[in-house]
Structure formats: C-alpha cells, structure tokens
Amino acid sequence: MENQHIQIHNGITSTYGLNRFSVAPMLSWTDRHCRYFHRILSKHALLHTEMVTTGAIIYGKGDFLTFNDQEHPVVLQLGGANPTDLAHCAKLAAELGYDEINLNVGCPSDRVKNGKFGACLMGEANLVAQCVAEMKEMVDIPVTVKTRIGIDDQDSYEFLVDFVRTVSEKGNCSNFTIHARKAYLSGLSPKENRKIPKLDYPRVYQLKKDFPHLTIGINGCINSLVEAEKHLKFLDGVMIGRKAYQTPYLLTEVDQYLFGSDAPMIKRCDAVKAMFPYIESELSSGTYLNHITRHMLGLFHTQPGTRQWRRYISENAHKPSAGIEVLEAALAKIQDALNV
C-alpha cells in the first residue's frame with residue numbers, strides 16, 4: 001500500500017499509512033497558522049493546505065506555498081486543470097519539501113467551476129488522468145486525488161468506477177480520498193453541497209472492494225474518532241474537516257487512538273503555551289495576533305470557561321498592538337475553572 005511504513009518527520013515513526021488520518025483542506029481555515037496549531041495537537045495526523053490554484057502560484061504576487069517545517073507531514077492541495085501548470089506547481093512544491101500533492105476534484109463552488117476545475121473535472125476523467133500523470137513525472141512524492149462519488153445526474157456507481165479506473169490506470173494514481181456524497185454543480189451553494197446530497201458510505205466501501213490495490217480514504221460528516229475507526233475497518237484512511245477545526249482538541253486523541261502511540265496527550269493550556277514561541281516569531285514579522293488565534297477558539301469546547309476564552313480573544317486579538325498577553329489573560333480568566 002502506498003505510503004505504508006513511512007518515516008514521519010520530526011522523529012515520529014508509524015507503521016500505518018500516511019493517509020490513515022488526515023485533516024481536510026478547508027478554504028480560509030487550514031492556513032499555515034492553523035496547521036502549526038494542529039501539529040502541536042497531533043504528531044501523526046496528515047495536514048492539508050487550503051486549496052491553492054495554479055494561477056495563484058504562477059501569477060499571484062503572494063507566496064502561497066510557505067509552510068513551517070514543524071507542519072510535516074503536510075500536503076499541498078492544488079486546484080487546476082492544465083496539466084502543464086499543475087506539473088510546474090507540483091515541482092515547486094516538491095522542491096520546497098511538501099510530502100504529497102493532492103488534486104482537488106471535489107470542490108463545487110461557482111468560482112472553481114468557472115475555472116473549469118474542482119468537482120466538474122469528474123466529468124473529464126481522461127483530463128484528470130493526464131494531470132496526475134504529468135505531475136507524477138515531475139515529482140517523486142505521492143500525487144493523490146480528492147473527489148466526490150458523482151456530480152449532478154452522473155451519480156451512478158458505474159460512473160464512479162469508470163472515473164477511478166481511468167485515473168488510476170491512465171494517470172498511475174494509486175491514492176484517492178472520496179467525499180461520500182455527490183456534488184451539485186448548479187443550484188446549490190458550497191455550504192448546501194456539504195449537507196443536502198445524501199451521504200453514501202457503503203459506495204466508498206464497495207469501491208475499495210473493487211479496487212483492493214488502491215489506497216482509498218473517506219471524507220464527509222465524520223464527527224468522531226469512534227466513527228473514524230469504524231470506517232477504517234473497510235478503508236485505508238479517514239479525513240475529518242469541520243469537526244477537527246471547530247473542536248480541535250479531538251486531534252490530541254488521534255495519535256493514541258488510531259496510531260497506537262504511547263505518548264501522553266497534551267493538555268489544553270499546555271497546547272496554548274506551546275504556541276507562544278511561534279506566535280512571538282510571527283508577530284515580529286508583522287502577522288496580526290487574530291490571524292493565528294482565530295484557529296484556536298474551539299480548543300476549550302465543552303469545557304468550563306470556554307465562553308470567556310472565546311470572548312476575550314475575540315474582543316482583543318484583533319487590536320494592532322495585541323500580543324501574547326491576550327492569550328495569557330484569556331488563560332488566567334478560565335484556568336481555575338478548567339483545572340487543566
């Protein structure tokens with residue numbers, strides 16, 4: 001199986017596949033600050049960037065590929081449909097040290113659709129295969145695909161099988177993460193596309209049965225590690241998105257529960273303090289505090305004092321002069337109540 005028995009960065013080793021558990025790529029959420037925070041919580045979870053378009057990388061003025069070495073293992077998710085551009089961007093990412101390239105074939109937003117990539121590419125399996133093949137020619141790291149079970153009226157199991165067979169055989173792609181619901185390319189917003197089409201987990205299980213030689217992971221409304229473990233009885237990997245972001249302390253259980261680690265879980269307050277050196281470094285470079293702390297608001301979810309934590313940070317972290325003292329004050333307000 002691809003990526004099995006891999007040596008994970010920072011001295012962490014695992015006998016499981018790299019994709020056994022991952023945090024989904026989420027626009028406006030899984031930026032480099034979020035990923036650094038998530039890495040403090042879990043050493044084994046595979047982290048993804050937000051989707052970055054080839055156009056932004058090639059023509060944009062910003063540096064869209066920056067990441068911290070502590071984020072490993074980390075995946076760059078690319079959005080695009082031009083094989084040459086994708087291959088160029090994959091090469092840049094590999095040279096920078098990314099551990100994997102993932103092609104977005106699942107996003108249903110109008111912006112993505114107008115760019116002729118994302119979920120609409122499910123209808124062009126040969127093009128997806130060409131994109132993957134040309135990227136793989138340029139890099140030695142894995143190139144994977146994240147997709148849906150179908151689009152619009154092309155939602156039969158046979159359609160999904162044909163897509164996976166074409167991309168795996170012609171594109172030499174051996175690793176797919178399947179969002180277990182189809183995408184509507186018209187009439188629904190991206191938010192509605194996360195809820196309205198029905199989930200079909202058994203279809204993804206069947207895909208693994210029909211393609212046992214492929215690495216198949218699943219995504220879509222998975223809200224706990226207990227659920228994740230159930231899926232792993234049938235599949236090679238599980239990807240959790242919104243739940244991992246909104247209640248990030250879930251990630252502290254990943255290493256023990258899914259990877260067999262005997263390392264102790266980090267406590268919530270210690271996780272906050274572990275962010276201090278990173279935050280101070282970022283502040284000295286001109287980053288605003290709230291650009292980092294917005295990813296930490298859910299850390300104390302369900303704990304006594306969580307409202308005080310969220311409120312104090314929300315009211316103070318956006319100020320131009322805000323620094324570490326904001327987090328120290330937020331911790332001081334609730335530490336006695338939390339007893340952690």
> Given the protein chains as shown and a 1.4 Å probe, how many square angstrom of Leu96 are accessible, to the nearest 10?
Replying inline: 100 Å²
>> Solvent-accessible area of His179, probe 1.4 Å, all protein chains present, reported in Å² to the nearest ten, please.
In response: 20 Å²
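Mind ranking His301, His44 by accessible surface for me, highest first, 1.4 Å probe?
His301, His44
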> Counting only heavy atoms of protein chains, what accessible area per residue, in Å², does region 166-275 have with a probe of 1.4 Å?
Replying inline: 46 Å²
> Can you give the angle from 0 to 90° between the axis of helix 201-210 and the longest principal axis of the chain, with both taken from C-alpha atoms, to the nearest 10?
Replying inline: 50 degrees
> Spin-label point model (7 Å from Cα, Cβ direction): what's the Glu169 to His318 distance in nm?
Replying inline: 5.5 nm
> To the nearest 0.05, how large is the calculated FRET efficiency for His213 and Phe276 if R₀ is 41 Å and r is the Cβ-Cβ distance?
Replying inline: 0.35
> How large is ³J(HN,Hα), in whole Hz, for each residue of region 274-289 in order, when computed from phi with the Karplus curve 6.51 cos²θ - 1.76 cosθ + 1.60 and θ = phi - 60°, using x for Gly and Pro?
Replying inline: 5, 7, 4, x, 5, 4, 4, 5, 5, 4, 5, 9, x, 6, 7, 4
>> If I fit a long axis through the Cα atoms of helix 157-170 and take the longest principal axis of the Cα atoms of the chain, what angle between them do I get, 0 to 90°, rounded to 10?
In response: 90 degrees
>> Please compute the modelled spin-label separation between Glu229 and Lys267, points set 7 Å along Cα→Cβ, answer in nm with one decimal.
In response: 2.5 nm
>> Can you give me the solvent accessible area of Tyr16 with a 1.4 Å probe, rounded to the nearest 10 Å²?
In response: 80 Å²
> Mind listing the phi-derived Karplus ³J(HN,Hα) values for region 138-150, rounded to whole Hz, using 6.51, -1.76 and 1.60 with θ = phi - 60°, and x for any glycine or proline?
Replying inline: 8, 9, 9, 7, x, 10, 10, 10, 10, 9, 10, 8, x
>> About the Cα centre, and with charges only on the beta carbon of Lys, Arg (+1) and Asp, Glu (-1), how big is the dipole of the chain? Nearest 20 debye, please.
In response: 1020 debye
> What nm distance separates the two modelled labels at Gln256 and Ile196, each placed 7 Å from Cα along Cα→Cβ?
Replying inline: 4.2 nm
> In degrees between 0 and 90, to the nearest 10, how far off the longest principal axis of the chain does helix 324-338 point, with axes built from Cα atoms?
Replying inline: 80 degrees
>> Quick check: with the 1.4 Å probe, what order do Trp309, Trp29 take by accessible area, largest first?
In response: Trp29, Trp309
>> So for region 158-244, if I pair up every lysine 8 or more residues apart or on another chain, how many of those pairs have alpha-carbons under 25 Å apart?
In response: 28
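How much of the accessible area of region 163-292, probe 1.4 Å, is carbon plus sulfur, in whole percent?
Details: 2980 of 6000 Å².
Looking at region 163-292 in its full context, I get 50 percent from C and S.
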> Taking amide hydrogens as modeled 1.01 Å from N in the peptide plane, which residues meet the under 5 Å criterion relative to Phe21, leaving out close sequence neighbours?
Replying inline: Leu46, Val238
> What order do Met239, Met138 take when sorted by accessible area (1.4 Å probe), most exposed first?
Replying inline: Met138, Met239
> Which distance in Å, rounded to a whole number, links the C-alpha centroids of region 204-224 and region 112-165?
Replying inline: 16 Å
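The values are calculated or read from the model by the stated rules, or taken from the named source; none is laboratory data. What you are looking at is a predicted structure, and each value in this text was computed from that prediction instead of being measured. Reconstructed Cβ throughout: ideal geometry from the backbone, glycine too, with neighbour counts over all protein chains shown. Protein only, heavy atoms only, side chains kept; ligands, DNA and RNA dropped before computing areas. Shrake-Rupley method; radii C 1.70, N 1.55, O 1.52, S 1.80 Å.
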